[in-house]
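Visitor: The structure under discussion is supplied below as structure tokens; questions concerning it will follow.
Derivation of every value follows stated rules applied to the coordinates shown; laboratory data play no part. For clarity, every value in this text was computed on a predicted model and none was experimentally measured. Note that each Cβ is placed from the backbone with ideal geometry, even for glycine, and that neighbours are counted across all protein chains shown.
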Amino acid sequence: MRKFHLAIILSALLIPAAAFAQQNFDPWRGAVPDQKAKSENKVEKKTAQTKTKAAGGDTLTLETTKGTIVIRLRTDIAPGHAARLRQLASEGFYNNVPFHRVIDGFMAQTGDGQNGDGTGGSKHPDLKAEFSSVPFRRGIVGMARKGGNNNSANSQFFIMFAEQSALNGQYTVVGEVVSGMNVVDKINKGEPPRTPDRITRAVPGK
């Protein structure tokens with residue numbers, strides 16, 4: 001009887017995992033919470049204004065249902081991907097788009113202005129990977145891609161809650177949050193969230 005109960009429990013755990021793996025864009029696994037998050041929040045508040053000013057015009061401002069997030073776009077290491085985010089923001093593509101996959105202690109994913117559920121992209125062609133040595137730590141913004149195809153990033157991106165070294169060199173780093181990580185932390189969690197938060201408006205260079 002105990003073996004039977006154990007089999008039922010294992011089946012219940014495996015079914016969601018199998019469904020998760022069928023998602024078109026990046027079925028994330030192995031999320032590791034960042035134990036340094038609380039101390040980093042204090043540093044963010046002190047340095048956000050300085051970083052935002054230093055970022056100049058290469059920024060993407062996300063006005064969301066939880067508040068404002070400012071991203072410094074890394075045009076130095078991922079010019080093609082940075083240009084795509086600015087282009088889509090200018091086109092209004094990201095307006096009212098949900099954060100459709102938000103994993104506590106790992107990352108918040110958004111950018112599907114086509115379907116809103118993580119299965120879509122934009123009318124523009126997919127991008128070739130622009131990998132770099134920048135590590136995926138808290139606040140880093142990376143480009144989502146389809147399955148194992150490195151050259152399939154299009155419109156979706158994710159913001160890291162915590163460091164995840166397994167992503168290093170595997171995904172394109174396109175930017176870094178310089179203001180508003182406290183807002184990112186408040187985004188409703190879930191895969192998908194029951195009530196997803198949204199980008200109400202995305203503004204390039206603000």
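Visitor: Would you point out the residue of the range 146-167, among those that are part of a loop (DSSP other than H, G, I, E, B), in contact with a Leu (Cβ under 9 Å, 6 or more places away or on another chain) and not hydroxyl-bearing (Ser, Thr, Tyr), that is surrounded by the most Cβ atoms within 10 Å (Cβ to Cβ)? First the steps, then the outcome.
Guide: Step one: filter the range 146-167 for residues part of a loop (DSSP other than H, G, I, E, B), giving 147-152, 154-156, 161-164.
With in contact with a Leu (Cβ under 9 Å, 6 or more places away or on another chain) added as a condition, the list becomes 151-152, 154-155.
From what is left, the residues that are not hydroxyl-bearing (Ser, Thr, Tyr) are 151, 154.
Values: Asn151: 12, Asn154: 24.
Restricting to residues being part of a loop (DSSP other than H, G, I, E, B), in contact with a Leu (Cβ under 9 Å, 6 or more places away or on another chain) and not hydroxyl-bearing (Ser, Thr, Tyr), the top hit is Asn154.
Visitor: With respect to the numbered conditions (1) crowded, with 18+ Cβ neighbours inside 10 Å; (2) among the aliphatic types (A, V, I, L, M); (3) out of contact with any helix residue (DSSP H, G or I) (no Cβ under 8 Å at 6 or more places or on another chain), which one is the sole condition not fulfilled by Leu73?
Guide: Leu73 satisfies every listed condition except (3).
Visitor: Next question. Collect the residues in the range 155-170 that are in contact (Cβ under 8 Å) with a residue 40 or more places away in the chain and over 14 Å from Ala108 (Cβ atoms), keeping them in residue-number order. Break it down into steps so the answer makes sense when it comes.
Guide: So the first thing to find is which residues in the range 155-170 are in contact (Cβ under 8 Å) with a residue 40 or more places away in the chain, and the list is 155-164, 166.
Within the range 155-170, Ser155, Glu163, Ala166 meet the criteria.
Visitor: Quick check, is Arg72 part of a helix (DSSP H, G or I) and among the charged types (D, E, K, R)? Working first, answer last.
Guide: Working: part of a helix (DSSP H, G or I): no; among the charged types (D, E, K, R): yes.
Criteria not met by Arg72.
Visitor: Quickly run through the range 109-124 and pick out the residues that are in contact (Cβ under 8 Å) with a residue 12 or more places away in the chain and farther than 11 Å from Gln156 by Cα.
Guide: Hit for the range 109-124 is His124, nothing else.
Visitor: Being within 30 Å of Ser133 (Cβ to Cβ), polar (S, T, N, Q) and assigned to a loop (DSSP other than H, G, I, E, B) is the filter here, so list the residues in the range 75-96 that pass it.
Guide: Correct list: Thr75 only.
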